[in-house]
1. What are the label-to-label distances in nm, one decimal and shortest first, from A:Gly316 to the same spot in the other copies, with labels 7 Å along Cα to Cβ?
2. How much length would be gained if the chain were fully extended between B:Glu255 and B:Glu342, taking 0.36 nm per residue of separation minus their Cα-Cα distance, in nm to one decimal?
3. Rounded to whole Å, give me the distance from the Cα center of region A:86-117 to that of region A:157-173.
4. Pulled fully out, how much extra length does the chain show between B:Phe226 and B:Glu120, if you take 0.36 nm times their separation in residues and subtract their Cα-Cα distance?
5. Return the single residue from A:Thr285, A:Thr62, A:Thr123 with maximal mean-square fluctuation; model: Gaussian network over chain A, springs between Cα atoms under 10 Å.
6. Only bridges whose two residues both fall in the protein assembly as shown count here: according to DSSP, what percent of them are antiparallel, nearest 5?
7. Give the residue list of trypsin sites (Lys or Arg not before Pro) in region B:275-355 that are DSSP loop and have at most 13 other beta-carbon atoms within 10 angstrom.
8. Please report, for B:Ser74, the nm distances (one decimal) from its label point, 7 Å out from Cα along the beta-carbon direction, to the equivalent points in the remaining copies, shortest first.
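Just so it is clear, none of the values below were taken in a lab; they were calculated from the coordinates. Computed from a predicted model, the values in this text were never measured in an experiment. Glycine also receives a Cβ, built like all others from the backbone with ideal geometry; neighbour counts cover every protein chain displayed.
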Number of protein chains: 2
Amino acid sequence: MNKLLMTPGPTNVPERVIKKISQGMLHHRTKEYSKIFGELNERLKYVFQTKNSVLTFPSSGTGGLEAALVNSFSKGDKILAVSIGDFGDRFIKIAKTYGLDVDEIKIPWGSAVTIDKIKEKLTDEHKGLIITHNETSTAAVNPIKEIGEFLKNKNILFIVDAVSSLGGIDIKMDDWGIDVLVTASQKALMSPPGLAFIGVSEKALESAEKSNLPKFYFDFLNAKKFLDKENPENPYTPAVPLIVGANEALKMIEEEGLENVFLRHKNLANKFREEVKKMGLTLFTDPNAFSNTVTAINIEDGKASFIKENLEKNYGIIIAGGQGYTKGKLIRIGHMGYVNEEMIDRTLNALKNSI
Amino acid sequence: MNKLLMTPGPTNVPERVIKKISQGMLHHRTKEYSKIFGELNERLKYVFQTKNSVLTFPSSGTGGLEAALVNSFSKGDKILAVSIGDFGDRFIKIAKTYGLDVDEIKIPWGSAVTIDKIKEKLTDEHKGLIITHNETSTAAVNPIKEIGEFLKNKNILFIVDAVSSLGGIDIKMDDWGIDVLVTASQKALMSPPGLAFIGVSEKALESAEKSNLPKFYFDFLNAKKFLDKENPENPYTPAVPLIVGANEALKMIEEEGLENVFLRHKNLANKFREEVKKMGLTLFTDPNAFSNTVTAINIEDGKASFIKENLEKNYGIIIAGGQGYTKGKLIRIGHMGYVNEEMIDRTLNALKNSI
């Protein structure tokens, strides 16, 4: 039997989705596939809360972040980057790999950036702001809405990594003025890993026309050209069964209603945190920045791996440990995507008996 | 019911593989996953006929070709590229995108390159030779073995696109001196699309150390570092169910025996071509370059799409048309991976009734 995945991704995949995946051995240059890919694209717009196109690449979320950068900028472009943890650091690393001139705002782990900090650092020279919405390594959420309001009408690309939040925590691409919004299939979107989804604004596509960073596989304009065909398709062979599966998962979100999905995540996260505190444990994250998709719990030195192993061995539940300097000092428990109260209770019970 | 995929990829996926995929919702940082990924790596070495590492990326084959280039070279490096069709042209396009100085050998479609042509064009200045093994657009095969023998002891990287051949047509990475060998999951390897597999020689890894082309997602050295861990894993979230599926597909190849797999492909291809000729149809490809994984058949102007549609509608069989200038003038039928005599007969019968 498969284990219960209470990690911050990959997450549990519903049977309905698995069934579709195993029926999804279609050819990608058929009308049958185009129909499904077309449906997926409409549903992606719904969860991205956008009228823009959302591009799909066979890739991990990291590939999606790379795609966001190589299509938006040219060599030497100055950008402002916010990091509040491990994934923010990774985003900066990719930007530097491609020769971008990165000004960094680094926030101590566990907290979010403040809008004042961004106001202080942003200059007219910055061609883009890159930031993580939900920092999986610290279970903290950045104030994307406020940042978007501040950036509105500024000549800058607003690029957001929402890999571990989109579909679990509210993020409004159009209303909040996001130009490039990146997520992946295996988090709140309830599908297996293997697909990156990237929303692109008109401004982002205009920047892609000008960008001189090299790209071929991750070329936005080429993907957009194939997406806009009468029968939408992909430039290169897509991961067909994963796309068929993701379409079903997004259908489930549509049926539940996006607002209800966010509410479910919020309620389960609140309950989880309250019950964890009742056990005498403390949370790693600043309460002002609590994430609704993942919780990071402080664990006294040495006990984190025992807890992780005990949950796996005796309860069939997979959770995650700390990353970077928090390794061995944290456990991180994901509650996103296909998650319900029963799973939360099972995890709480297992945790209680393991600390 | 799923249709019979007689295209040059994606190909039919055996039930055994689909079953594994639907059970493969594991977390990628567990020993359970590492065990499967470790098995996959050993099996990949068997089908690549190599002692070298074979790296796995969530990506299409095109991404794999890009990875091969960005890890092997530095900006401005001079390389020799052989193109005998559409996929050879694509390989050249990627190389130029990354600022390589490409000398091209272009062979008329339907034929293979000759070793003399390569001897004539290759100079000491060339840091690499890039070539397609099996050109899917023309159903022609290049003489990789002879080229490898000629290149032996030369200071050059030998990079081969075997996306539509590896696991169907003999290609011996080590014996033929191939430095970077690229394939994908959805052709002869009987798995759904979504994974690129890349064999890398010691020389290729040394070149990766020196290469200054930008890369992050497709970084060979990082993938190798994670592969070489005691419990092998991936730098970024892998497409777990596809990996579990590919491991099962490779197990099937192991059980049948690689030599038997090649023989089956050869016999089915021979039979298919002979029967097609008996129908009064002619083959597009030079008989000296016949591919054992795909056959390209000349079709008088205008009838190709009717045949394609008729096979799909009335027989549930998907085949491919021509690419590039052969569009509308060819049909291409794949016979690779999970293919047997019954499928060949079904396709021949449908074709006979559609011309």
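1. 3.5
2. Values: separation 87, 0.36 × 87 = 31.32 nm, distance 2.05 nm.
Taking B:Glu255 through B:Glu342 to full extension adds about 29.3 nm, to one decimal.
3. The distance from the Cα centre of region A:86-117 to that of region A:157-173 comes to 16 Å.
4. Working: separation 106, 0.36 × 106 = 38.16 nm, distance 4.13 nm.
Computed gain between B:Phe226 and B:Glu120 is 34.0 nm.
5. Checking each option, the largest mean-square fluctuation is seen for A:Thr123.
6. Values: 44 of 86 bridges.
About 50 percent, rounded to the nearest 5.
7. Values: sites: B:Lys277, B:Lys278, B:Lys303, B:Lys308, B:Lys313, B:Lys327, B:Lys329, B:Arg332, B:Arg346, B:Lys352; in loops: B:Lys303, B:Lys327, B:Lys329.
Those that pass, being in a loop and sparsely packed, are B:Lys327.
8. Shortest to longest, the spacings are 2.5 nm.
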